[in-house]
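Enquirer: Below you will find the structure I want to go over with you.
The values are calculated or read from the model by the stated rules, or taken from the named source; none is laboratory data. All figures in this text were calculated on a predicted structure; none of them were measured in a lab. Here the Cβ is made from the backbone with ideal geometry for all residues, glycine too, and neighbour counts use every protein chain on show.
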Amino acid sequence: MKKTLAVLLCLVMLVAVCACTPTEETSKATSDAVSTESDVSAEESTETTIKYSANVPEGFKWGEEQFIIKSTWADLSNLKYTEFGYGAEDMEATVINDAVATRNDIVEDIIGAEIVEDMVLSTDRFNTGEFVTIINQAIDSGTADFSAITPSLYQAGALALKGHMYDLTEIENMALQSEWWDAFFVDEAEVLGQLYFVTGDIGFYSRNSITAVLFNKEIAANLELENPYELVRNNKWTFDTISKWSKLFSKDLDSDNVIGHLDQFGMGGQNDNMWAFFYAAGETIAKCDENGNPYMTIEGTRIPDIMAKIQEITTDTACYVNANKLWDYSLSPVQLTTKAFVEDRSLLFCDAMLCIEDMRTMDTDFGILPCPLYDENQERYHSMLNPWNSSCIGIAINVLPDEVEDVAIVLNLLGAEAKNYITPAYVETTLKGQRLRDDDSEEMLDIILNNIGCDIGHIYDFAHLGINLLHKVNEGANFTTTYDSYKIWANQDIQKLINTFEQLGE
């Protein structure tokens, strides 16, 4: 693998054309674009697009024929798109796939090597999943041939705790301040000043992981419900509102005295809705203090009330159908609640945004909304990266120390060009242009995407609370009593994280 010249590395920094603090030239270009647009008619104006670029040392080449990214997903049998081009030859030509190919072509021309995504099956995307085992074994055996990895957030946390990933804050060329890396993630996921993986434009699975609420416009109109878009705008789209709406549309169509996936019901969802709503209320399992030390935040005084309201929604079997209870009917139970929504048998459908792809055949119009506020006093909406669905990027320690800066150069190239091509293709063309059906939904999507965050309590899986609390609370267990039984374990896991990162940082 190509060795980095130390002298060049000292002279080079990766920067965006438009950074968070614009340069004088950038500011002038932006100002000129605005004033020019105001001076011409709509027919004469031309769209001005910001171009992001990562600076690269003159003459930089990767030095090998391939730059390999090891990735994973839970089901490889029905892939519609991938983040770096795995299986592209067998996929439908879509805007997203074309954008990935364009991004890869540009980077390949610069680095003189082929971008190769080596995707492996990992049905378990938790921290004990197959992908974690594959990476650990490859590193321990010395057989790893990849330059970067894209685990789920759960898997990334486990690999970081194993000491098998580089601290990105120590890699100058990672340029984590660049606009193609998620500033919120750098801020919220950094522990003791260390960050071993990151999200950003480089991969769109993170955005696909965010939970949203879809509503059936025809049913809402027939029920004479308030305009949900106005409710969102006026901070009245709350837990109480969604709970009330859910109760308005239930009917036992198959006459079995149970509201199930074959019936008519208020809302379809799954267990993960609990954590999506919990984060939407402005709460987390854990976060870091001003010194970077992690601590439990799930012990706040308002938490029991929040959980009680969530339980009121997700355990009401008279109107809420939980896909996690449908495994006896399907190996992919979310498809059953999706089918009900598409067939106009569900007013609301709550799932990751990747589900919007499945609504393309729906005849009735639907709209998209953020997860609701806890109450009207909450200042803003919150959208959490789902740690199971979301991917991230990191550099495993199989990469030699004198090669790490070169890997970072390539990753920044991939990130910058993704911001130029893939993000617009995903957000503007695919989501807004093809999948969403009105301007109001586009506004709602912006609210969702402009309020993203993460929860280190999930990522580092303290006391396995993401699952332990998830299932028990969704079954109706008392939150406070249940959490108290895991509290000691959770704080032990936090101390383990602190001790591990202190050793890694020495």
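Enquirer: Can you find a residue in region 461-474 that is in contact with a Pro (Cβ under 8 Å, 6 or more places away or on another chain), small (Gly, Ala, Ser) and surrounded by 17 or more Cβ atoms within 10 Å (Cβ to Cβ)?
Expert: Yes, region 461-474 contains at least one residue that is in contact with a Pro (Cβ under 8 Å, 6 or more places away or on another chain), small (Gly, Ala, Ser) and surrounded by 17 or more Cβ atoms within 10 Å (Cβ to Cβ).
Enquirer: Of the numbered conditions (1) free of Cβ contacts under 8 Å to residues at least 24 places away in the same chain; (2) over 22 Å from GLY157 (Cβ atoms); (3) not aliphatic (A, V, I, L, M), ASP289 satisfies every one except a single condition; which is it?
Expert: Result: ASP289 passes all but (2).
Enquirer: Further question on the same structure: State all residues of region 84-97 that are farther than 14 Å from LYS419 by Cα and within 23 Å of the chain's Cα centre (by Cα); if no residue qualifies, say none.
Expert: If the condition is that a residue be farther than 14 Å from LYS419 by Cα and within 23 Å of the chain's Cα centre (by Cα), then GLY85, TYR86, GLY87, ALA88, MET91, THR94, VAL95, ASN97 are the ones that fit.
Enquirer: Among the residues of region 383-426, what is the count of those that are within 19 Å of ILE96 (Cβ to Cβ) and either aromatic (Phe, Trp, Tyr) or free of Cβ contacts under 8 Å to residues at least 60 places away in the same chain (or both)?
Expert: Total meeting the criteria: 2.
Enquirer: Let me ask you something else. Just to be sure before I move on: is ARG302 within 28 Å of GLU376 (Cα to Cα) and at pLDDT below 95 in the structure I sent?
Expert: yes
Enquirer: Related question: From the list ALA144, ALA156, ALA189, ALA160, which one is touching a residue at least 12 places away in the same chain (Cβ under 8 Å), surrounded by fewer than 24 Cβ atoms within 10 Å (Cβ to Cβ) and among the small types (Gly, Ala, Ser)?
Expert: Only one candidate qualifies: ALA144.
Enquirer: May I pose another question? Within region 239-259, track down each residue that is part of a helix (DSSP H, G or I) and either touching a Phe, Trp or Tyr at 6+ places or on another chain (Cβ under 7 Å) or surrounded by fewer than 11 Cβ atoms within 10 Å (Cβ to Cβ) (or both).
Expert: PHE239, SER246
Enquirer: Filtering region 323-332 down to residues that are touching a residue at least 40 places away in the same chain (Cβ under 8 Å) and surrounded by fewer than 20 Cβ atoms within 10 Å (Cβ to Cβ), which residue is nearest to the chain's Cα centre (by Cα)?
Expert: Once the filter is applied, the top-ranked residue is ASN324.
Enquirer: Oh, and also: May I ask you to list the residues in region 125-173 that are touching a Phe, Trp or Tyr at 6+ places or on another chain (Cβ under 8 Å), in a helix (DSSP H, G or I) and closer than 22 Å to PRO57 by Cα?
Expert: LEU168
Enquirer: Could you pull out the residue among LEU176, LEU231 that is over 29 Å from LYS162 (Cβ atoms) and of a type in the set (A, V, I, L, M)?
Expert: On inspection, the qualifying residue turns out to be LEU231.
Enquirer: Just one of the numbered conditions (1) buried (at least 16 other Cβ atoms within 10 Å of the Cβ); (2) without any contact (Cβ under 8 Å) to a residue 60 or more places away in the chain; (3) under 23 Å from PRO401 (Cβ atoms) is not true of ALA88; which one?
Expert: Among (1) buried (at least 16 other Cβ atoms within 10 Å of the Cβ); (2) without any contact (Cβ under 8 Å) to a residue 60 or more places away in the chain; (3) under 23 Å from PRO401 (Cβ atoms), the lone unmet condition for ALA88 is (3).
Enquirer: Scan THR94, THR102, THR48 and give me the residue that is over 18 Å from ALA425 (Cβ atoms) and either modelled with pLDDT under 95 or not assigned by TED's automatic domain parsing to the domain that holds ILE356 (or both).
Expert: Only one candidate passes the filter, namely THR48.
Enquirer: Considering only residues of region 275-288 that are out of contact with any strand residue (DSSP E or B) (no Cβ under 6 Å at 6 or more places or on another chain) and over 17 Å from CYS371 (Cα atoms), which is surrounded by the most Cβ atoms within 10 Å (Cβ to Cβ)?
Expert: ILE285
Enquirer: Right, something else. Given GLY193, GLY142, GLY157, GLY203, which one is closer than 18 Å to SER383 by Cα and assigned by TED's automatic domain parsing to the domain that holds ILE393?
Expert: GLY203
Enquirer: Would you confirm whether any residue within region 230-238 is surrounded by fewer than 20 Cβ atoms within 10 Å (Cβ to Cβ), closer than 20 Å to ASP344 by Cα and charged (D, E, K, R)?
Expert: No, the conditions are met nowhere in region 230-238.
Enquirer: Give the residues of region 208-229 that are surrounded by fewer than 21 Cβ atoms within 10 Å (Cβ to Cβ), of a type in the set (A, V, I, L, M) and outside any helix (DSSP H, G or I), sorted by residue number.
Expert: Selection gives LEU223, LEU225.
Enquirer: Got a sec? Which helices (runs of 4 or more DSSP H) wholly within region 392-506 have at least 2 residues that are under 27 Å from TYR166 (Cβ atoms)?
Expert: In region 392-506, the matching helices (runs of 4 or more DSSP H) lie at 404-424, 456-459, 487-504.
Enquirer: Also, quick follow-up: Given the residues ILE306, ILE310, which is the only one that is of a type in the set (Val, Ile, Thr), within 13 Å of TYR374 (Cα to Cα) and surrounded by fewer than 22 Cβ atoms within 10 Å (Cβ to Cβ)?
Expert: ILE306
Enquirer: Would you say LEU414 is closer than 30 Å to GLU218 by Cβ, crowded, with 18+ Cβ neighbours inside 10 Å, touching a helix residue (DSSP H, G or I) at 6+ places or on another chain (Cβ under 8 Å) and of a type in the set (A, V, I, L, M)?
Expert: no
Enquirer: Inside region 74-124, can you point out the residues that are hydroxyl-bearing (Ser, Thr, Tyr), in contact with a strand residue (DSSP E or B) (Cβ under 6 Å, 6 or more places away or on another chain) and assigned to a helix (DSSP H, G or I)?
Expert: Selection gives nothing.
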